[in-house]
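Colleague: Sharing a structure, written as structure tokens. Questions coming.
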């Protein structure tokens, strides 16, 4: 029993997805058509990207670059700015989740070394926002965009241009907010040298792939495929979604996070451009709006549990402000 509880805590999204998929099987009898529900292009692409990300992570490329850049830092504002925009740039290539897994602990260590733990909450909040912005640049920057890219077949450059206005506004927001940090001088002690470890490299790469995420996608594809075949539900949901894709994307992301929201909405509407905008804007807002939000929260409170409430308040306030701004941009353009 303890094992089941711990597994549910560690793999909550997969567990809930699996339970819902199994429940949906009572309404649509299991058959060979279940295999057609699954978008195998998405599963294969996601696996390849996760493998590549693990290669980059184990090569410690980004950590080495940031360690060298830290040598040029002279003020608290410059330090926070570097830590935040490192998450932006790295999330373009290694996804928002992995960017935060690498650089939130790195930031906690750096701020501790300069005696500025008072900046931790603001820095991690801004890093999370930056990672969610960076993952918009390429359609392979986050699981929700991988789903939409494979389903919609929208060209690479069109995907980028669709989200460009929101990326620009979000970057301006990040820069402006960075100026709230006092420009006090700091002296950063020597950081431990980042080294590439050759031993068991490929073992670390393939063991680092999140196979439960792949299984989560399969469970969600089965769930949504079954929902589409429940006539009364499908009619009701299409009536609710069609024509309101952006708002539905934002609202559903706040409740179930933007990965399941992407898969759910794309099953009932072919207005993929609006869904892409909705789920990307929807990644800002609540703590569960994006898996990346939960990752940085868990890392921070594992180190500093006393920051839990303050972080939730500050993180939510910053995200809601940006969410409102981006919705305003959408409705004005």
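Colleague: Can you pull out every residue in the range 225-259 that is surrounded by 24 or more Cβ atoms within 10 Å (Cβ to Cβ) and either modelled with pLDDT under 85 or not in a helix (DSSP H, G or I) (or both)?
Modeller: 257
Colleague: Kindly check whether there is at least one residue in the range 125-136 that is surrounded by fewer than 24 Cβ atoms within 10 Å (Cβ to Cβ) and at pLDDT 90 or above.
Modeller: Checked the range 125-136: no residue is surrounded by fewer than 24 Cβ atoms within 10 Å (Cβ to Cβ) and at pLDDT 90 or above.
Colleague: On the given criteria, is residue 146 closer than 24 Å to residue 202 by Cα, at pLDDT 90 or above and surrounded by 18 or more Cβ atoms within 10 Å (Cβ to Cβ)?
Modeller: Numbers: closer than 24 Å to residue 202 by Cα: no; at pLDDT 90 or above: yes; surrounded by 18 or more Cβ atoms within 10 Å (Cβ to Cβ): yes.
Answer is no for this residue.
Colleague: If I filter the range 23-47 down to residues being in a helix (DSSP H, G or I) and exposed (fewer than 13 other Cβ atoms within 10 Å of the Cβ), which single residue comes out as modelled with the highest pLDDT?
Modeller: 23
Colleague: Kindly check whether there is at least one residue in the range 177-185 that is more than 29 Å from residue 325 (Cβ to Cβ) and outside any helix (DSSP H, G or I).
Modeller: yes
Rundown of residues vs (1) buried (at least 16 other Cβ atoms within 10 Å of the Cβ); (2) under 25 Å from the mean Cα position of the chain (by Cα); (3) free of Cβ contacts under 8 Å to residues at least 12 places away in the same chain, yes/no style:
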residue	(1), (2), (3)
166	yes, yes, no
171	no, yes, no
176	no, yes, yes
183	no, no, no
186	yes, no, no
199	no, no, yes
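Colleague: Residue 87 is checked against (1) more than 28 Å from residue 127 (Cα to Cα); (2) surrounded by 21 or more Cβ atoms within 10 Å (Cβ to Cβ) and fails just one. What number does that condition carry?
Modeller: (1)
Colleague: Scan the range 323-332 and give yes if some residue there is assigned to a helix (DSSP H, G or I), without any contact (Cβ under 8 Å) to a residue 40 or more places away in the chain and touching a helix residue (DSSP H, G or I) at 6+ places or on another chain (Cβ under 8 Å), otherwise no. Even if it seems obvious, please write down each step before you answer.
Modeller: Narrowing the range 323-332 to residues assigned to a helix (DSSP H, G or I): 323-332.
The next check asks that each one be without any contact (Cβ under 8 Å) to a residue 40 or more places away in the chain; those that pass are 324, 328, 331-332.
Next, from what is left, pick out any that are touching a helix residue (DSSP H, G or I) at 6+ places or on another chain (Cβ under 8 Å): none.
No, the range 323-332 has no match at all.
Colleague: While we're on this one: If we keep just the residues of the range 288-305 that are modelled with pLDDT under 90 and over 19 Å from residue 213 (Cβ atoms), which is surrounded by the fewest Cβ atoms within 10 Å (Cβ to Cβ)?
Modeller: Among those residues, the one meeting the criterion is 305.
Colleague: Out of the residues in the range 103-115 that are part of a helix (DSSP H, G or I) and surrounded by fewer than 20 Cβ atoms within 10 Å (Cβ to Cβ), which is farthest from the chain's Cα centre (by Cα)? Lay out the reasoning, then the answer.
Modeller: Quick first cut of the range 103-115, residues part of a helix (DSSP H, G or I) only: 103-113.
Add one more test, that the residue is surrounded by fewer than 20 Cβ atoms within 10 Å (Cβ to Cβ), and what stays is 105, 109, 112-113.
Working: 105: 17, 109: 22, 112: 26, 113: 28 Å.
Residue satisfying both the conditions and the ranking: 113.
Colleague: Hey, among the residues in the range 57-98 that are assigned to a loop (DSSP other than H, G, I, E, B) and within 25 Å of residue 207 (Cα to Cα), which one's modelled with the lowest pLDDT? I'd like the intermediate steps shown before the answer.
Modeller: Taking the range 57-98 as the starting set, the residues that turn out to be assigned to a loop (DSSP other than H, G, I, E, B) are 60, 71-74, 95.
When the remaining residues are screened for being within 25 Å of residue 207 (Cα to Cα), the result is 60, 95.
Numbers: 60: 75, 95: 88.
By that ranking, first place goes to 60.
Colleague: If I ask for residues that are touching a helix residue (DSSP H, G or I) at 6+ places or on another chain (Cβ under 9 Å) and without any contact (Cβ under 8 Å) to a residue 60 or more places away in the chain, which ones from the range 62-77 would you list?
Modeller: Matches in the range 62-77: 62, 65, 66, 69, 72.
The values are calculated or read from the model by the stated rules, or taken from the named source; none is laboratory data. Remember, predicted model here, so these are calculated numbers, not experimental data. Counting neighbours? That spans all protein chains shown, and the Cβs are built from the backbone with ideal geometry, glycine included.
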